[in-house]
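Below is one structure, written out as structure tokens, with a few remarks after it.
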Amino acid sequence: MKLFNQDLPQGASSMSYAGLLERLEILRSTLRWASRLDRPDIEKLLRQANAVRDEVMQLSHTERFIQAVGSQAAPEPIPGERRQALLARSFVFEGTFGDNPRLLDALEIAEKAAPTDLPVLVDGESGTGKELMAKVIHANGARADKAYISVNCGAIPESLIESELFGHKRGAFTGAATDRKGKFESAHKGTIFLDEIGELPLQGQVKLLRVLQSHEIQRVGSDETIAVDARIVAATNKNLRQLIELGQFREDLFYRLSVIHVTLPPLRERKDEIPLLLAYYGDEAAEALKRRPVALTPVLRAFLLDYTYPGNIRELRNLMYRLACLAGDTADIAHLPEDIRPVAPARIETAAPDPPASLAEAKRAASDDAERACLERGLKDVGGTVAELARRWDMNRSHLQILLKKHGLHSKDFRRH
Ligand SMILES: Nc1ncnc2c1ncn2[C@@H]1O[C@H](COP(=O)(O)OP(=O)(O)O)[C@@H](O)[C@H]1O
Ligand SMILES: [Mg+2]
């Protein structure tokens, strides 16, 4: 394994909180991701940790930091307090959030990171709010009134990525008819958001690493170096550590990008936020469609509160727009997209499932759960008479039997005694 190589020369000192924080975070990342550590690695890490500690001591002495640290330990927060405190500090956030501790952790990290220029890596499943988080970091920092430039590394053909990021000189390649500025130059003094960073090809990764180290770029086909001062926020829904092991992502780039690492939990792990989001997007959709907010039947509401949302907040938002478009005054189960119907309003959770390997897998699992719950409810309603259920649902009886078998359901278990 590689260890970060930042042993400072004798007597030299970075002596700033930001510098120390960066070095601490690199140390933490090294430890967090180390598959094994040999004795020399341990000794090197210890030396680096000692050097950082010595600098903190020196800094604390100069700034009487010790007094602050020595004051009372923070008491247990009371419910709602963290959220209120964030809002009271004029935290800029274009969305909604409640009291979910994991989301608050992420927001508080973003708030602290915002005023620094440290690179931030945001990870989380698709639709969890990574891009929104990048905007939060920009909006709460000193660069808020400067450019915010977003680049989707997964959406640009490999051959064009360098020119897109760094620009090109006229005639640098076929089709380069004029000089062109890249995204980094456009983000000068502002923030550049590198979305889907895990999709960046290795060659682009090398170039990006160089920019992070030197704060300079070269347009494709040009020798001239141009200084750029862009704050970097990167996002990924991939496990970069896994990509590193597969040789698809550079470890040194990972450490550079993830000085501050924020993980957004999937919506199914912050279900307490769902009611707020339903209200927020219910109102937003009503406003966009110039109509009164849609009421939800209790069954639909129960479904929406318990649904697993493989597409996370994006899926919830789209559902609310769909309901606002299709329903009259009140929306019901029937207004849901077919692939997430029939529904299981009071689905009983079995043992915690393994996290799905992909979005398709998550959808399949959610749809299987709904199917099973629906079959159980149907069997209960008809007292375990499969023929009657087939008649009610206008289904082929043998097909129904196959479904029951698939889920290991026995009609006799539902007979009334
Ligand atoms: N806390 C939140 N409150 C309201 N809307 C949110 C929140 N988090 C994410 N969203 C919305 O969910 C959608 C997906 O968010 P986005 O940042 O694009 O996700 P990702 O980049 O992780 O795929 C966007 O419409 C975004 O505004
Ligand atoms: Mg996104």
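Going residue by residue through the range 151-159, is there one that turns out to be outside the structural domain of Ala234 (by TED's automatic domain parsing), more than 18 Å from Gly190 (Cβ to Cβ), in a loop (DSSP other than H, G, I, E, B) and away from ligand 1 (no atom under 13 Å from the Cβ)? For the range 151-159, residues outside the structural domain of Ala234 (by TED's automatic domain parsing), more than 18 Å from Gly190 (Cβ to Cβ), in a loop (DSSP other than H, G, I, E, B) and away from ligand 1 (no atom under 13 Å from the Cβ): absent. Are any of the residues in the range 279-297 out of contact with any Lys or Arg (no Cβ under 7 Å at 6 or more places or on another chain), closer than 30 Å to Leu202 by Cβ and charged (D, E, K, R)? Within the range 279-297, not a single residue is out of contact with any Lys or Arg (no Cβ under 7 Å at 6 or more places or on another chain), closer than 30 Å to Leu202 by Cβ and charged (D, E, K, R).
Taking first residues from the range 220-235 that are farther than 15 Å from Leu165 by Cβ and in the same structural domain as Glu162 (by TED's automatic domain parsing) and partners that are among the charged types (D, E, K, R) and within 16 Å of ligand 1 (Cβ to nearest atom), the Cβ contacts under 8 Å between residues at least 6 apart in sequence or on separate chains come to Ala235/Asp123; Ala235/Lys130; Ala235/Glu131; Ala235/Asp195; Ala235/Glu196. Considering the range 142-163, the residues that are in contact with a strand residue (DSSP E or B) (Cβ under 7 Å, 6 or more places away or on another chain) and of a type outside the set (A, V, I, L, M, F, W, C) include one that is nearest to Asp229 (Cα to Cα), namely Arg143. Among the numbered conditions (1) over 25 Å from Asn318 (Cα atoms); (2) not in a helix (DSSP H, G or I), the only one that Thr96 does not meet is (1).
Please tell me if Tyr280 is away from ligand 2 (no atom under 16 Å from the Cβ) and at pLDDT 95 or above. Yes, satisfied.
Considering each of Ala352, Ala346 in turn, give the residue that is surrounded by fewer than 15 Cβ atoms within 10 Å (Cβ to Cβ), at pLDDT below 90, out of contact with any helix residue (DSSP H, G or I) (no Cβ under 8 Å at 6 or more places or on another chain) and outside any strand (DSSP E or B).
Of Ala352, Ala346, the one residue that is surrounded by fewer than 15 Cβ atoms within 10 Å (Cβ to Cβ), at pLDDT below 90, out of contact with any helix residue (DSSP H, G or I) (no Cβ under 8 Å at 6 or more places or on another chain) and outside any strand (DSSP E or B) is Ala352.
Looking only at residues in the range 108-132 that are part of a helix (DSSP H, G or I) and within 16 Å of ligand 2 (Cβ to nearest atom), the one that is surrounded by the fewest Cβ atoms within 10 Å (Cβ to Cβ) is Leu132.
Checking the conditions here, which among Ala227, Ala172, Ala177 is over 27 Å from Leu132 (Cβ atoms), among the hydrophobic types (A, V, I, L, M, F, W, C), touching a strand residue (DSSP E or B) at 6+ places or on another chain (Cβ under 6 Å) and surrounded by fewer than 17 Cβ atoms within 10 Å (Cβ to Cβ)? One residue alone meets the criteria, Ala227.
The values are calculated or read from the model by the stated rules, or taken from the named source; none is laboratory data. Note that the structure is predicted; figures quoted are calculated from it, not measured. Here Cβ is always computed from backbone atoms with ideal geometry, including for glycine, and neighbour counts include all displayed protein chains.
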